[in-house]
Amino acid sequence: IYLSMKNTGALDDMAKRGVEHLHVTSVDNALVQVADPAFVGFCLAKKAEVGNKGCPKVSWDEKVGVMARKGGKFSIVEYSELDEAMAKETSEDGRLLFSTGNICNHYFSVPFIRDRAIPALTECYHVAHKKIPYADDTTGETVKPASNNGIKLELFIFDVFPLTDRMAVFECDRDMEFAPVKNAPGETSDSPDTARAMIGSLHRSWLNAAEIEVSGDADAACEITPLVSLRGEGLDKLAPVLKEVKAPALVCRTGEAEPQGATNVISADNIEVTHFVNAADVNVYVVAHTAK
């Protein structure tokens, strides 16, 4: 990603447009807060070149890398690098000492990428022992080894962390910001199904907190787009108009969904909500703010 930003002209384009800060996340986290103002603002307040947002591990043996210092430098330490004793170690408050799990949610200043990371990339590769398929010398057939037989040079996005001495670490609520999609549909963990369920559960809790009733199938999808509310804020202002949401439901702003079929419009206190059922049988609630 770093060399690509240089080779494609993206860094030059950022310079022309005055872009100074980047928020970089993985594509497989359905609850990621894109360009999260709280995280980015925290990094700016700390005058950090690099920031890492993580969430607490659910157990000492969860297979996730953690934020730590290695040789005095900021690093992500892979779970395989921690022996059981270290992984179980706790601090005075009883929390795991190595507790902040890495969820691939990072902040970078553009000058850091341009002036520090890219020039030093060749120093950031690390050796990984891998099971590498190979061709049998006699038969020519592919052999899949049972144990490690080769070495690869790897470079992860977080391998540039040791290059900075100005880093901010920000811990978030797992249930609010981490719904990974790593397994196939139908799997009981980290699948599209579990991610949708986490989004629905979180957004239902926001509506309930705003005293907006959520009816319909308890397992049906329920989603509020970020243009309506990023973290559940402001939904109380919709309560006089949007007293009930029937799942499956989508609450969005004008322009995010085009009305289909029969519509029902309710307005009060300079807020107008248009309700309709789309072709997928989802109840869509389009919120508009009207002039006084």
Mind checking which lysines have their Cα closer than 17 Å to the Cα of K144? Skip sequence neighbours fewer than 8 apart in that chain. K130, K131, K152
Quick check: pseudo-label points 7 Å beyond the Cα along Cα→Cβ at T225 and D136, how many nm apart are they? 5.7
Could you identify which residue out of A195, A279, A68 has the top mean-square fluctuation in a GNM of the chain using Cα springs shorter than 10 Å? A279
On a C-alpha basis, how far is the centre of the stretch 181-195 from the centre of the stretch 145-170 in Å? Whole number, if you could? 26
In a Gaussian network model over the chain where Cα atoms closer than 10 Å are linked, find which of G150, G200, G186 has the largest mean-square fluctuation. G150
Length added when fully stretched, V64-T25, from 0.36 nm per residue minus Cα-Cα: 12.4 nm
According to the Kirkwood expression over distinct Cα-Cα pairs, how big is the hydrodynamic radius of the chain, in Å? 22.5
Of the candidates K73, K88, K130, which one comes out as most mobile in a Gaussian network treatment of the chain with C-alpha springs shorter than 10 Å? K130
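Would you mind calculating the gained length between K237 and A268 on full extension (0.36 nm times residue separation, minus the Cα-Cα distance), in nm to one decimal?
10.2 nm
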Using the Cα atoms of the stretch 210-265, I'd like the radius of gyration and the largest Cα-Cα distance, Dmax, both in angstrom. 11.6, 31
Extension gain from A85 to E213, taking 0.36 nm per residue of separation minus the Cα-Cα distance: 41.3 nm
Grab the other residues whose beta carbon is less than 12 angstrom from that of V50, score K and R as +1, D and E as -1, and report the net. +3
Within the chain, the percent of DSSP beta bridges that are antiparallel, given to the nearest 5, stands at 70
Along the Cα→Cβ direction, 7 angstrom out, place labels at T290 and L155. What is the inter-label distance in nm? 5.7
Counting alpha carbon pairs within less than 8 Å and at least 6 residues apart, what relative contact order, in whole percent, applies to the chain? 16
Can you grab the distance from the C-alpha centre of the stretch 201-216 to the C-alpha centre of the stretch 30-66, Å, no decimals? 26
Convex hull projection area averaged over all views, the stretch 34-184, Cα basis, nm²: 12.7
Return the long-range amide H neighbours of N149 (sequence gap of 5 or more, or a different chain), with a cut-off of under 5 Å between placed amide H atoms. K130, K131, I132
For the stretch 36-77, what does the relative contact order come out to in percent, with C-alpha contacts under 8 Å and a separation of six or more? 20
Amide H of N102: which non-local residues (sequence gap of 5 or more, or other chain) have their own amide H closer than 5 Å, using H built in the peptide plane? G65, V66, M67
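Based on the mean of other Cβ atoms within 10 Å per residue, sort peptides 114-126, 214-226 so the most packed one is first.
Details: 114-126: 14.0, 214-226: 16.2.
Per-residue mean Cβ counts within 10 Å order the peptides as 214-226, 114-126.
Rounded to the nearest 0.05, what FRET efficiency is calculated for T254 and A120 with R0 set to 51 Å and r the Cβ-Cβ distance?
0.60
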In order over the stretch 243-260: 3J(HN,Hα) from phi, Karplus 6.51/-1.76/1.60, θ = phi - 60°, whole Hz, x for each Gly or Pro, gives 6, 9, 10, 9, 7, x, 9, 10, 10, 9, 9, 3, x, 8, 8, 8, x, 10
Of the heavy-atom accessible surface of the stretch 70-192 (probe 1.4 angstrom), what whole percent is carbon and sulfur? 50
In terms of modelled amide H atoms, which long-range or inter-chain residues lie less than 5 Å from the amide H of V214? V245
For the stretch 75-124 and the stretch 226-292, what is the separation of their Cα centres, given in Å? 41
More than 25 Å apart - percent of Cα-Cα pairs taken over the stretch 136-250: 52
Phi-based couplings in Hz for the stretch 23-29 (Karplus 6.51, -1.76, 1.60; Gly and Pro marked x): 10, 10, 9, 6, 8, 9, 10
Label points 7 Å out from Cα along the Cβ direction at E244 and K144: separation in nm? 5.4
Sort all Cα-Cα distances of the stretch 148-210 into consecutive 10 angstrom bins from zero, then give the percent of pairs in each bin up to the one containing the longest distance. 17, 25, 28, 23, 5, 1
Residues of the chain: accessible area per residue with a 1.4 Å probe, Å²: 57
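The values are calculated or read from the model by the stated rules, or taken from the named source; none is laboratory data. In this text the structure is predicted, and so the values were computed from the model without any measurement. No Cβ is skipped: glycine too gets one built from the backbone with ideal geometry, and neighbour counts run over all protein chains shown. Just the protein is used for accessible areas: all its heavy atoms, side chains included, with ligands, DNA and RNA removed. Shrake-Rupley method; radii C 1.70, N 1.55, O 1.52, S 1.80 Å.
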